[in-house]
Amino acid sequence: MDKAGGSGERNSGGISSGGGIGGLGLLLLAGLAGCQGSGGTPSLPVLATDQVIIAHRGASGHAPEHTFAAYDLARAMGAEYLEQDISPTADGVLVCLHDTTLDRTARGPAENCTGSVSSKTLAQLRTCEVGSWFNESFPERARPEYVGQPIPTLEEVFQRYGRSVNYYIETKTSGGPVDVERALYDLIVKYGLYEGMVSRRQVLVQSFQPQSLQAMRAIDAAVPLVQLTPGGTLPLLPVIASYAFGVGPPAGDASAELVTQAHALGLAVHPYTINETADLETLAARCVDGLFTNFPDRYRAVLASRVLDCPPPIR
Ligand code: G3P
Ligand code: CA
């Protein structure tokens, strides 16, 4: 497994190596990579499919996860969705951090930057930074500007990118003292993302916790939902299809059979988290509708250079 993502990476499970792209009529679209836009500036390669590139915690293979550096890079690499994992602070502010504790990725005063996120106020988290750990863990990818990257609030993310990107937001905690789903919904509305969310899924809300998705649905049934699963996905599909737009299985569950059955139920399939090019090729050829990756550049290169024998993705 690639080190990027490091500890804190949920095990996506192995994927079998069968079903490569070659048997599906691999076709290289020569000359697309690195083509120039009309103004002479480099443009992104044209994609041969509409599978969606979901930048897992941003371009977190290249830059520290859940920082503006990682989100900016993901956007520059052509990711269609930026993923946020969100948790509430003690004073009810939604912040973007994967772990429920600060210990792995935050550096700063121990009283503020260790322990559970939900036990700290936003003022405390303002004293922490979440870039140094990346430079220490991945010296080959280290950059001086990563040091000092703050923990973004979700509101700051919306302020920075507005309607220029799509958001794929995971509720990590639900049912606690802070009503995470209500706070998330209110921010979506406040930042003018509601119309795009319901008309073209500019925002997707994902969770491993069905009760969190049901809470969001109770607020507004128009919010598009994705049910994440830790495994054992196939028999769950009919129930998931009754309330969700899509399903997010671990890569090891994302068989061609699962994709076919999900599509028959009208469910989009977005497996997590696939980073190696060979695995990206395998999953793309199974006709997933998109996937989570720490390396949006790699997935984009796969999609730009191959024609897939797939129906149009569910979007
Ligand atoms: O949300 C998809 C994937 O990110 C789930 O795993 O642990 O990285 O949030 P995790
Ligand atoms: Ca996630």
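The residues of segment 48-177 have, on average, 35 Å² of accessible surface per residue, using a 1.4 Å probe with all protein chains present. Between Gly58, Gly176, Gly232, the residue with the greatest mean-square fluctuation in the GNM of the chain (Cα pairs under 10 Å linked by springs) is Gly176. What's the carbon and sulfur percent of the chain's accessible surface, probe 1.4 angstrom, rounded to a whole number? Ligands and nucleic acids excluded, carbon and sulfur reach 55 percent.
Potential lengthening of the chain between Ala142 and Thr127 amounts to 3.3 nm, from the contour at 0.36 nm per residue minus the alpha-carbon distance.
Relative contact order of the chain: 24 percent, from C-alpha pairs under 8 Å at least 6 residues apart in sequence. Once backbone amide H atoms are built at 1.01 Å from N, Thr101 has Val117 as its partners under 5 Å, excluding neighbours fewer than 5 places away on the same chain. From the Kirkwood radius over Cα pairs of the chain, Stokes-Einstein at 20 °C and 1.002 mPa s returns a whole-number translational diffusion coefficient of 108 µm²/s. For the pair Asp72 and Glu111, label points projected 7 Å from Cα toward Cβ lie 3.3 nm apart.
The values are calculated or read from the model by the stated rules, or taken from the named source; none is laboratory data. Given the structure is predicted, the values throughout are model-derived calculations rather than measurements. Every residue, glycine among them, receives a Cβ derived from its backbone with ideal geometry; neighbour counts consider all protein chains shown. Quick note on the areas: whole protein, heavy atoms, side chains included, nothing else; ligands and nucleic acids left out. Shrake-Rupley method; radii C 1.70, N 1.55, O 1.52, S 1.80 Å.
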